[in-house]
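A.B. asks: Okay, handing you the structure first.
The values are calculated or read from the model by the stated rules, or taken from the named source; none is laboratory data. Please read these numbers as outputs of a predicted model, since none were measured by experiment. Cβ: placed from backbone, ideal geometry, glycine included. Neighbour counts: every protein chain shown. The accessibility values were calculated without ligands, DNA or RNA, using every heavy atom of the protein model including side chains. Shrake-Rupley method; radii C 1.70, N 1.55, O 1.52, S 1.80 Å.
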Amino acid sequence: VRFDPAMRVTLLNPAYEALLGLPGGTMRPGMTHRDILTLLDERGEFDGTEEVAAAAARMEGDRLRPSSRQRQRPSGEVLRFDNQPMPDGGALIEVADVTGLKRAEAEATRRAALLDAVLAALPHGVCLYGPDRRVQMFNTSYTRLMSGTPVALGDSLDEVVGRRVAAGEYDAETAAQVRARFGPGMENLPPMRRVRTSGTVVENSMARMPDGGITSVFTDVTALHRAEEAARQRAVLLHGVIEVMPHGVSVYGPDRRLAMFNEAYARIMDGAPIAIGDHLDEVVARRVASGEYDATYAADSRARASTDASKPAESVRRRPNGTVISIRGAPLPDGG
């Protein structure tokens, strides 16, 4: 719609009336801006005289400078009004239905808020780098997990790594590994685990974003690391004990395949070799073929393995070389 300096309509198009919610032909040249507002108020578009007066005053105050404002109709549509001053002191007003845009903006805002809430609640530290390898976002868990080595929005990867080298958080090798994880082929790199100077053990996984940025996720695996280290130490201790035993020991898994044997076993059973992964049936068949077992003992061995594996068993056997051996079998918790 085009208004003259006295804010009277000089021309308009049908879309203007339709967008305002007025029947076609309601507006005509010569009507004032206040006349139009009164018509809209009568149709329930405004909430009484005060709102009409405020809208009139706002328009009359804005008509001499470019401006843009939005209003939601009672029906829910959102209209945007763009005012352009004219050389003669009048004004040109364009109105557009921006309901879809506002809904999209509201949905984007809702999703962003939801994402922020999820990131804030996560126990994992998340730091997002843009395609330029500058920090775009990080959550509170990241700040907590990486305490003592702060980052700030806009920091470059080199600044972050350099600061951590200076603080003693990274040595030269770790710094090189971290930089490599941001390079080509990072998708194929396994998680990186390291012990921080504080003693906390963190594991880092990374993923490439659609825009070329990188998401770096840190998880506190201190408890898991300690449990794995304790298990490893127990395994080393157990291996050492078994290896120095004068008794030959062999362990078959629940699938009846050989899982381990010690040096004493190989020495005592010299001439009847076995290998890790051998199935019990293969071992028995091989020993029958070599004369180590006769058919009766072979059948007894298979029967004990299939029916009495849950019970301890003991027997004595003379080997073909004249050695007499005592054999004790015991079930393991996993069924081996």
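A.B. asks: Using a 7 Å offset from the Cα along the Cα-to-Cβ direction at both ALA57 and THR109, what is the distance between the two label points in nm, to one decimal?
C.D. replies: 2.6 nm
A.B. asks: Of LYS102, LYS311, which has the most accessible area with a 1.4 Å probe, and how do the rest follow in descending order? Walk me through the numbers on the way to the answer.
C.D. replies: On the way: LYS102 75, LYS311 120 Å².
Result, largest first: LYS311, LYS102.
A.B. asks: Shifting gears a bit: Against the longest alpha carbon principal axis of the chain, how many degrees, from 0 to 90 and to the nearest 10, is the axis of helix 33-42 turned?
C.D. replies: That works out to roughly 60 degrees.
A.B. asks: Relative contact order for the chain using alpha-carbon pairs under 8 Å, separation at least 6, rounded to a whole percent?
C.D. replies: Worked out over the chain, it gives 8 percent.
A.B. asks: Next up: Once the mean 1/r over all distinct Cα pairs of the range 90-208 is inverted, what Kirkwood radius in angstroms do you read off?
C.D. replies: Working: mean 1/r = 0.0589 Å⁻¹.
Every distinct Cα pair counted, the radius reaches 17.0 Å.
A.B. asks: A further question on this structure: May I ask you to list the residues of the range 259-282 whose amide nitrogen lies under 16 Å from a point 7 Å from Cα along the Cα→beta-carbon direction of GLU243?
C.D. replies: 260-267
A.B. asks: Output needed for the chain: three equivalent-ellipsoid semi-axes, defined as square roots of 5 times the C-alpha gyration tensor eigenvalues, in descending order, whole Å. Kindly include the intermediate steps, with their values, before the conclusion.
C.D. replies: Values: eigenvalues 1463, 143, 51 Å².
One finds semi-axes of 86, 27, 16 Å for the chain.
A.B. asks: May I ask you to give the percent of accessible area on the range 139-209 that is carbon plus sulfur, with a probe radius of 1.4 Å?
C.D. replies: C and S fraction of accessible area: 57 percent.
A.B. asks: Can I ask one more? If packing is taken as the average count of other Cβ atoms within 10 Å, what order do 292-303, 67-78 fall into, highest mean first? Could you put the intermediate results ahead of the total?
C.D. replies: Numbers: 292-303: 14.6, 67-78: 13.1.
Averaged packing, sorted descending, gives the order 292-303, 67-78.
A.B. asks: For the range 44-57, in order, what is each residue's ³J(HN,Hα) by Karplus, 6.51 cos²θ - 1.76 cosθ + 1.60 with θ = phi - 60°, in whole Hz (x at glycine and Pro)?
C.D. replies: x, 7, 10, 9, x, 4, 5, 5, 4, 4, 5, 5, 5, 5
A.B. asks: For THR38, what accessible area in Å² do you get when you roll a 1.4 Å probe over the heavy atoms of the protein chains, rounding to the nearest 10?
C.D. replies: Roll a 1.4 Å probe over it and THR38 shows about 70 Å².
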